[in-house]
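Visitor: Structure below; questions to follow.
We did not get these values from a lab; they are worked out from the coordinates using the rules stated. Note that the structure is predicted; figures quoted are calculated from it, not measured. No Cβ is skipped: glycine too gets one built from the backbone with ideal geometry, and neighbour counts run over all protein chains shown.
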Amino acid sequence: MDQRDETRLRLISGEFANSVSEALSGWLVGIAVDRSVQGGVDPSGEVHERIVAVVRQLVADLEPRVRQAISADVDQPTGSPLAVLRDGIGPLNGLLSEIGAAPPRRDRVAVEIFPEDTYELGPAAFSDIDPSLQEAGITWGAARAHVHLQRRDGRGASPVESATVSDKPTFETVLTAVVDVEGWMTDDQARQLHDQASLLKSGEKMVEVGSFRGRSIIVVALAADEQVEVIAIDPHGGGDRGPQEISPDQARGDEDHAVFTANLSEAGVFDRVRHIRKLSSSALGDVGGDVALLYIDGAHRFGPARSDIVDWGNRVRPEGTMLIHDSFSSIGVTMALLTTTFGGGRWRYMGRNQSMAEYRRAELGPLDRVRNLLRQTLQLPWFLRNVTIKVLLTLRLKPLTRLLGHAGSDWPY
Ligand SMILES: C[S@@+](CC[C@H](N)C(=O)[O-])C[C@H]1O[C@@H](n2cnc3c(N)ncnc32)[C@H](O)[C@@H]1O
């Protein structure tokens with residue numbers, strides 16, 4: 001363990017905590033004023049006084065807790081500072097509601113993850129508090145990850161990063177590490193990915209196509225053996241990003257990239273994951289050798305989804321595994337399956353967890369091919385159900401989706 005790095009981390013944490021503390025009041029007043037205006041309420045006079053009073057109380061409550069989260073020892077994390085802010089911001093939502101500000105229209109994913117945050121006040125990244133905090137947040141996260149790794153090397157064991165086959169964090173611990181990381185992967189799907197990653201052997205390779213803000217790749221990095229190479233491919237260009245977010249948007253992509261980096265650092269896996277910031281079709285030359293586990297969750301349009309299955313699928317070793325998200329749910333991905341895995345004899349369909357389908361690389365004989373085709377064809381009614389739900393949700397006919405057993409306003413995945 002290098003004492004200079006420990007000291008440097010303390011200094012970085014102290015400075016970062018000071019910068020966040022200084023930005024808190026201005027940020028909270030700013031977003032409250034902003035949401036009042038957007039919600040049709042004049043934020044001057046008495047309203048402004050009420051905002052300032054609530055912010056003063058909030059800062060008194062949150063500032064020490066955020067400081068504590070930033071300065072916590074790397075082996076005793078107290079939870080993410082952003083999560084402290086998101087969890088504590090309720091009184092400001094309450095005030096906005098009391099003064100009659102109309103809440104903004106919310107993204108389905110945001111409603112699912114933060115149902116109480118009616119006015120979208122909670123920060124997703126440090127840059128939401130103040131743009132100047134973005135770089136400092138990344139430096140802080142990277143410094144923590146570095147010290148964490150150093151300590152592990154010095155004493156030979158830390159619960160997360162030195163995970164061996166017999167001493168890995170439990171799935172529950174892994175799930176806690178990604179609880180605040182945005183994404184569209186359900187807990188059951190996370191378990192499936194976790195279990196597949198923990199089967200990988202030293203020296204093997206895992207490739208993910210489409211990493212977004214890091215939810216799934218953090219699960220893999222925490223579950224897999226230290227000697228497994230973990231590779232995330234994502235251009236972070238803001239396009240093909242999530243439901244109905246198809247067109248590229250570089251500002252959105254840069255934000256995803258910053259949050260991805262911070263999330264990996266916070267989970268202590270920044271140094272475990274090799275990120276290739278390219279389209280999957282351009283990254284084939286960046287990864288050598290066989291892949292033992294492939295997770296496809298990138299562009300969901302037919303063309304790129306099919307190329308990922310064919311081109312990246314070709315890299316999977318015999319008996320290796322391919323997981324595909326949004327199978328039998330997205331039209332593009334399902335059409336890509338229909339034209340590849342359905343009739344072809346190279347991928348044995350193992351089953352699915354909601355929309356996460358699992359395939360094993362195999363050479364199927366004629367009878368097996370028929371069975372394989374049949375098993376996948378049997379998933380098509382579920383696909384039709386999902387498409388119907390998406391159409392109903394788009395037409396704002398949410399109550400009708402309940403007849404199909406769908407809860408919430410999120411697209412099925
Ligand atoms: C649904 S999100 C991935 C979610 C992630 N697997 C998780 O569970 O958190 C899709 C991601 O694919 C990325 N993407 C879009 N087109 C891509 C491509 N051609 N190659 C690789 N990634 C792509 C987007 O930038 C976006 O971050």
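Visitor: With each pseudo-label sitting 7 Å past Cα toward Cβ, what's the V179-V111 distance in nm, one decimal?
Guide: Here the answer is 2.4 nm between the modelled labels.
Visitor: Related question: Let me understand the chain better: what is its radius of gyration from the alpha carbons, and its Dmax, in angstrom?
Guide: For the chain, the Cα-based Rg and Dmax read 22.9, 78 Å.
Visitor: Based on the alpha carbons, how large is the Rg to Rh ratio for the range 64-215 when Rh follows Kirkwood? Intermediate values should be presented prior to the final figure.
Guide: On the way: Rg = 18.3 Å, Rh = 18.1 Å.
Ratio of gyration radius to Kirkwood radius for the range 64-215: 1.01.
Visitor: Enter the per residue convex hull volume of the range 169-378, computed from alpha-carbon coordinates, in Å³ rounded to the nearest integer. Can you show the working numbers first?
Guide: Numbers: hull volume 22.3 nm³, N = 210.
Once divided by residue count, the hull of the range 169-378 is 106 Å³.
Visitor: Just to confirm a number: summing +1 for Lys and Arg and -1 for Asp and Glu over residues other than S409 whose beta-carbon lies under 14 angstrom from that of S409, what do you get? Please report the intermediate quantities before stating the final value.
Guide: On the way: positive: R105, R106, R108, K390, R396, K398, R402; negative: D107, E112, D410.
Taking every Cβ under 14 Å from that of S409, the sum is +4.
Visitor: Can you tell me the 0 to 90 degree angle between the C-alpha axis of helix 380-394 and the longest principal axis of the chain, rounded to 10?
Guide: Around 30 degrees separate the two axes.
Visitor: Sticking with this structure for a sec: Of R315, R360, R402, which is the most mobile in a GNM of the chain whose springs link Cα atoms less than 10 angstrom apart?
Guide: The residue that fluctuates most here is R402.
Visitor: What are the ³J(HN,Hα) values, in whole Hz, obtained from phi via the Karplus relation 6.51 cos²θ - 1.76 cosθ + 1.60 with θ = phi - 60°, for each residue of the range 19-35 in sequence order, with x given for Gly and Pro?
Guide: With coefficients 6.51, -1.76 and 1.60, one gets 5, 5, 4, 4, 7, 4, 4, x, 5, 5, 4, x, 6, 5, 4, 4, 5 Hz.
Visitor: Can I ask one more? What is the distance, in nm, between label points placed 7 Å from the Cα along the Cα-to-Cβ direction at V33 and at R10?
Guide: 3.9
Visitor: Share of antiparallel DSSP beta bridges in the range 169-378, in percent to the nearest 5? Mind dumping the intermediate values first?
Guide: Working: 11 of 29 bridges.
Of the beta bridges lying entirely in the range 169-378, close to 40 percent run antiparallel.
Visitor: Using a 10 angstrom cutoff on alpha carbons, build the Gaussian network for the chain and name the most mobile of R151, R348, R105.
Guide: R105
Visitor: Next question, about the same structure. How far, in nm, would the chain grow between S132 and A72 when pulled straight, counting 0.36 nm per residue and subtracting the alpha carbon separation? Walk me through the numbers on the way to the answer.
Guide: Working: separation 60, 0.36 × 60 = 21.60 nm, distance 2.22 nm.
Gain in length upon complete extension: 19.4 nm.
Visitor: Looking at L337, Q376, G298, which one has the Cα that reaches farthest to the positive end of the dipole of the range 292-413 (charges on Cβ: Lys, Arg +1; Asp, Glu -1)?
Guide: Q376
Visitor: Between D195 and L395, take the C-beta separation as r, use R0 = 30 Å, and let me know the FRET efficiency to the nearest 0.05. Each step should come with its number before you reach the end.
Guide: Values: r = 38 Å, r/R0 = 1.26.
About 0.20, to the nearest 0.05.
Visitor: Report, to the nearest 10°, how far helix 45-71 tilts away from the longest principal axis of the Cα atoms in the chain, using its own Cα long axis and a range of 0 to 90°.
Guide: 60
Visitor: Sticking with this one: For the range 365-371, what does the Karplus curve 6.51 cos²θ - 1.76 cosθ + 1.60, with θ = phi - 60°, yield as ³J(HN,Hα) per residue in whole Hz, taken in order and with x for Gly and Pro?
Guide: Each residue's phi maps through the Karplus curve to give x, x, 5, 4, 5, 5, 4 Hz.
Visitor: What share of the DSSP beta bridges in the chain is antiparallel, in percent to the nearest 5? Working shown, then result.
Guide: On the way: 11 of 29 bridges.
Counting only bridges with both partners in the chain, antiparallel ones make up about 40 percent.
Visitor: Quick check on packing: order 282-289, 218-225, 26-33 by the mean number of other C-beta atoms within 10 Å, highest mean leading. It would help to have the intermediate numbers written out before the result.
Guide: Numbers: 282-289: 12.1, 218-225: 26.5, 26-33: 19.4.
By packing density, highest mean first, the sequence is 218-225, 26-33, 282-289.
Visitor: Arranged from highest to lowest average of other beta-carbon atoms within 10 Å per residue, in what order do the peptides 228-234, 196-202 appear? Present the calculation step by step, with values, prior to reporting the outcome.
Guide: Details: 228-234: 23.1, 196-202: 17.9.
Going by the mean number of other Cβ atoms within 10 Å, highest first, we get 228-234, 196-202.
Visitor: So which lysines can K390 reach, going by Cα to Cα under 30 Å and dropping same-chain residues fewer than 8 places off?
Guide: K278, K398
Visitor: Still on this structure, please answer the following. Under a cut-off of 26 Å between alpha-carbon atoms, report the lysines in cross-link reach of K201, not counting same-chain residues fewer than 8 places apart.
Guide: Result set, ordered by chain and number: K168.
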